[in-house]
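A.B. asks: One structure coming up, written as structure tokens, with questions to follow.
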There are 2 protein chains.
Amino acid sequence: MASEAARDQNNRNEGENGDRGFCGKLMNKVVEFPRKLKKLGQDDPRRIVHSLKVGLAVLLVSLLYYFQPLYDELGATAMWAVLTVVVVFEFSVGATLGRGLNRILATFLAGALGFGVHHLANLSGQTAHPILIGVFVFLLAASVTFLRFFPRLKARYDYGLLIFILTFCLISVSGYRDEEILEMAHKRVSTILIGAFTAVFVCVFICPVWAGDDLHNSVANNIEKLGSFLEGFGDEYFKVAGNTESNKALLQGYSSVLNSKQSEESQANFARWEPRHGKFRYRHPWKHYLKIGTLTRQCAYRIDTLNGYLNSDIQTPLNIQSNKVQELCMKMSSESGKALKELAWALKTMTKPCSAASCHITKSRAAANNLKSLLKTSAALLGSEGIHLLDIVPAVTVASLLSDVVSYAEQIEKSIQELSSFSHVQFKSAEPKKALQPCNSSASSTNDNVPHHVITIHKLPSQKEIGSKQGAAN
Amino acid sequence: MASEAARDQNNRNEGENGDRGFCGKLMNKVVEFPRKLKKLGQDDPRRIVHSLKVGLAVLLVSLLYYFQPLYDELGATAMWAVLTVVVVFEFSVGATLGRGLNRILATFLAGALGFGVHHLANLSGQTAHPILIGVFVFLLAASVTFLRFFPRLKARYDYGLLIFILTFCLISVSGYRDEEILEMAHKRVSTILIGAFTAVFVCVFICPVWAGDDLHNSVANNIEKLGSFLEGFGDEYFKVAGNTESNKALLQGYSSVLNSKQSEESQANFARWEPRHGKFRYRHPWKHYLKIGTLTRQCAYRIDTLNGYLNSDIQTPLNIQSNKVQELCMKMSSESGKALKELAWALKTMTKPCSAASCHITKSRAAANNLKSLLKTSAALLGSEGIHLLDIVPAVTVASLLSDVVSYAEQIEKSIQELSSFSHVQFKSAEPKKALQPCNSSASSTNDNVPHHVITIHKLPSQKEIGSKQGAAN
């Protein structure tokens, strides 16, 4: 953000210095454009498929103009079908279904109401007609617009309310005779039905993108990102691994979790429109994902604070680093990281959280408790070598934050357990091999007996780490 | 969130037990509805005004049907004007202008392109015509849909791209003769112009809601909310004030800051469409507000961690609380809180950050440094009375987090200073009385010489506090 503002300022200065800077900038943009287009497609190939699907749906609905019998029936109102396809077709099935149903229902209801009002106004005579219609239009537009501020209505029915106002005004205001209005309403409803069905058909039956899948994966990926940070944090903070800039950069994957609330909420709203698909039945508890997402974000806030200590100038002195505190902090960090990765895997594959996750959590909790006992015997840390209390403040703060993170990992585990216990959610049981895994909470450093899983996420936090894991798993 | 999921589960159980629960629920909803409506209006009365404005704009544009000369000219296409008003009219001026301009420009460009393609296809003969049109429609719909994924285009021109596809398809597909198409394109453009101008006129000239004002105020209010938390935190954590639940609840105002990113970004996008208004010139550096907003959120993450310690079971023992650490922590918290409130006031009133703010920051920094010196002499805290290191871990963590918060307050101050130094931003100079305020960084507890300002925000964090301040200011 800071660099963006600075760049803007520079651009403005360049602009003032002459037109050459502007031309150069324009050339740069033109040259960069195809590269950006390519990257956009590579980041998520479903975008290309979606674009082709929209082209296909528009093409299909424009055939209405070419089949003479259909065109004779519908005439110029066939354009409503094209219009419906373009505005209804969204990226995910849930969003498309939601918009389509909103549009159809709202058109139908508002059409009926508009016809009623028009008929009523006609009965009241030539003079009163426009006044009565005007009053109705004003009242309905104002009150439905106000309803759009309701958070619950806005989340699911905003588009429907908009179309309701629109159709009501179109039908009631237009100065036709009753029969013409009936015909117009009939044509409008049927063309909108054709358009909405075309959009939904293409959206659902050609490489569908389910909002529910996206929500499910993004919640799991967010937990995975926190796990990756925690696995790498201990080494990075205590400078065990080489302190390269690239390591630090690889740890930044968590930052996208901080602002994930709104996208998760809209995905959950879309998902509620979707029928049974894949592993998810209709009425899957999508709201529960928001709960898991909230816990993940709260954990991410602590991790953002921890991340501040990575870049802090004040570092713990070496003689402190080499002691038991360091070992326990690293254990808390790596074990809670592994636990979160296990939980992400369990959620993603819809397997009941296996003993491996709780095993890691138990270990990290044990490390936290050991650290507490250690801190009770403060002589182990202070005094003997002339170390001030100030010197261990960063380490103590990090330990305290890590202990918070362990609590959040426990809460996330509980919450995923809860999800798996909903009656209409089918979580597989863990493989027997995994379920029987003994949890040796007192084991101090050998964690090789716990199997690891590889989860593919869009931006891999650490290719190197995952590579070494794959080697271990095979 | 947790309680919501539990409530859902209960509701489902009730539903199974009988219909009485369902009827009761429905009755409850019906009874609660008017209360909720009233609250919605009271929370932000501009919502009521906006609804009435939409009603008025729709009424105005529906007059097209009643003036015979206009109706003779436009005929049934007058409905495009009604449609335009309904879909273009948004809450803020920036959003309405953005949508209106997008719609007009996109209709114009796509109309011209569509006419060109239609003409070209006509030249190619009867058989090739539909094929050529089909190919063009498919290619254009697919490629423009793909462009909508570009984050920058999506932020400002998403609606324009949608309307571009729409109009192009309507014009090129419709099987009319050239003259008819020209007439249709002309009518469509003129009715859309009428609709868009009506919407913009009503939106701008009747109680306008400026997105820029909203962004400006929400960034300032967010800083103010953090300030309120910090002012109250010290007392609450060290149990100086009575430990009531209501105090804790009043401190929760900060939580809305955590998820403010997306609303700030969309407001900044809308604000860029707005002309000069009030204190803001055209090309006001709205992007810089996003930078301040980012710093505010990062500070809020630390505050969320601090808030966790308020509810934690592990509290610092009393003998620690009564010592110097407590005094310094409370000072850091309250001084940085006051500094943030001063900064919020400076930003809100567009006054150059006065010495009062930097004075509070200097004081909080001094307290942080004093705490550091104190921690160097660890004997003052430990040993003598059998206090373990473990006992002071929470206090040390809180002190460390508060020290982070002080750094963020400094960065926020710098960032507001930077905003006030932009060439086309007019910040007033601070009043001479305030500018001459002496900054006594060594003063230990008498802060009454620093004037306080009252800022009205939607949800007041602590009525009591503000009340007492008002008393002091008057």
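The values are calculated or read from the model by the stated rules, or taken from the named source; none is laboratory data. Source: prediction; values computed, not measured. Please note: Cβ atoms are built from the backbone with ideal geometry, for glycine as well, and neighbour counts cover all protein chains shown. For accessibility, only protein heavy atoms count, side chains too; no ligands or nucleic acids. Shrake-Rupley method; radii C 1.70, N 1.55, O 1.52, S 1.80 Å.
A.B. asks: Only one residue in B:229, B:201 is touching a helix residue (DSSP H, G or I) at 6+ places or on another chain (Cβ under 9 Å) and within 30 Å of residue B:114 (Cβ to Cβ). Which one?
C.D. replies: Going through B:229, B:201 in turn, just one is touching a helix residue (DSSP H, G or I) at 6+ places or on another chain (Cβ under 9 Å) and within 30 Å of residue B:114 (Cβ to Cβ): B:201.
A.B. asks: Mind listing whichever residues of the stretch A:344-357 are modelled with pLDDT of 85 or more and either assigned to a helix (DSSP H, G or I) or buried (at least 24 other Cβ atoms within 10 Å of the Cβ) (or both)?
C.D. replies: Result: A:344, A:345, A:346, A:347, A:348, A:349.
A.B. asks: Being assigned to a helix (DSSP H, G or I) and β-branched (Val, Ile, Thr) is the filter here, so list the residues in the stretch A:181-223 that pass it.
C.D. replies: A:181, A:189, A:191, A:192, A:194, A:198, A:200, A:202, A:204, A:219, A:223
A.B. asks: Of the residues that make up the stretch B:154-162, is at least one assigned to a helix (DSSP H, G or I), at pLDDT below 85, open to solvent by less than 30 Å² (accessible area, probe 1.4 Å) and not assigned by the TED database to the domain that holds residue B:266?
C.D. replies: Scanning the stretch B:154-162, I find no residue that is assigned to a helix (DSSP H, G or I), at pLDDT below 85, open to solvent by less than 30 Å² (accessible area, probe 1.4 Å) and not assigned by the TED database to the domain that holds residue B:266, so the answer is no.
A.B. asks: Which of the residues belonging to the stretch A:42-56 are of a type outside the set (Asp, Glu) and more than 8 Å from every other protein chain (Cβ to nearest Cβ)?
C.D. replies: Across the stretch A:42-56, the qualifying residues are A:42, A:45, A:46, A:49, A:53.
A.B. asks: In addition: For the stretch B:248-262: of the residues being within 9 Å of chain A (Cβ to nearest Cβ) and in a helix (DSSP H, G or I), which is most open to solvent (accessible area, probe 1.4 Å)?
C.D. replies: B:262
A.B. asks: Tally the residues that are open to solvent by 60 Å² or more (accessible area, probe 1.4 Å) and not in a helix (DSSP H, G or I), restricting the search to the stretch B:115-153.
C.D. replies: Counting residues in the stretch B:115-153 that are open to solvent by 60 Å² or more (accessible area, probe 1.4 Å) and not in a helix (DSSP H, G or I) gives 2.
A.B. asks: A further question on this structure: Among residues belonging to the stretch B:58-71 that are more than 8 Å from every other protein chain (Cβ to nearest Cβ) and open to solvent by less than 60 Å² (accessible area, probe 1.4 Å), point out the one that is farthest from the chain's Cα centre (by Cα).
C.D. replies: B:64
A.B. asks: Would you check if there is a residue in the stretch B:75-84 being part of a helix (DSSP H, G or I), in the same structural domain as residue B:189 (by the TED database) and at positive phi?
C.D. replies: yes
A.B. asks: Which residues, counting only those in the stretch A:171-180, are in a helix (DSSP H, G or I) and either more than 19 Å from residue A:79 (Cβ to Cβ) or without any contact (Cβ under 8 Å) to a residue 60 or more places away in the chain (or both)?
C.D. replies: A:172, A:173, A:178, A:179, A:180
A.B. asks: Assuming residue A:92 fulfils every condition listed in (1) more than 10 Å from every other protein chain (Cβ to nearest Cβ); (2) open to solvent by 20 Å² or more (accessible area, probe 1.4 Å) apart from one, which condition is it?
C.D. replies: Result: residue A:92 passes all but (2).
A.B. asks: So is residue B:75 more than 20 Å from residue A:164 (Cβ to Cβ) and touching an Asp or Glu at 6+ places or on another chain (Cβ under 6 Å) or not?
C.D. replies: When the stated conditions are applied, residue B:75 does not pass them.
A.B. asks: May I pose another question? Please work out which one of (1) within 22 Å of residue B:226 (Cα to Cα); (2) out of contact with any strand residue (DSSP E or B) (no Cβ under 8 Å at 6 or more places or on another chain); (3) modelled with pLDDT under 85; (4) open to solvent by 40 Å² or more (accessible area, probe 1.4 Å) is the condition residue B:377 fails and give its number.
C.D. replies: (1)
A.B. asks: Being open to solvent by 10 Å² or more (accessible area, probe 1.4 Å) and modelled with pLDDT of 80 or more narrows it down to one residue among A:324, A:341; which is it?
C.D. replies: Exactly one residue qualifies, and that residue is A:341.
A.B. asks: Now, a different point. So which of B:231, B:265 is open to solvent by 10 Å² or more (accessible area, probe 1.4 Å), in contact with a Gly (Cβ under 6 Å, 6 or more places away or on another chain) and not hydrophobic (A, V, I, L, M, F, W, C)?
C.D. replies: Unique residue meeting the criteria: B:231.
A.B. asks: So, one more: Taking the stretch A:196-228, which residues are buried (at least 24 other Cβ atoms within 10 Å of the Cβ), in contact with an Asp or Glu (Cβ under 9 Å, 6 or more places away or on another chain) and within 15 Å of residue A:91 (Cα to Cα)?
C.D. replies: Within the stretch A:196-228, A:199, A:203, A:211, A:212, A:215 meet the criteria.
A.B. asks: Any chance you could count how many residues in the stretch B:137-179 are farther than 23 Å from residue A:29 by Cα and more than 10 Å from every other protein chain (Cβ to nearest Cβ)?
C.D. replies: 3
A.B. asks: From the set of residues in the stretch A:274-309 that are open to solvent by less than 10 Å² (accessible area, probe 1.4 Å) and of a type in the set (Ser, Thr, Tyr), which is farthest from the other protein chains (Cβ to nearest Cβ)?
C.D. replies: Checked the stretch A:274-309; the qualifying residue farthest from the other protein chains (Cβ to nearest Cβ) is A:296.
A.B. asks: Would you check if residue A:185 is of a type in the set (Gly, Ala, Ser) and under 25 Å from the mean Cα position of the chain (by Cα)?
C.D. replies: So residue A:185 does not fit the description; no.
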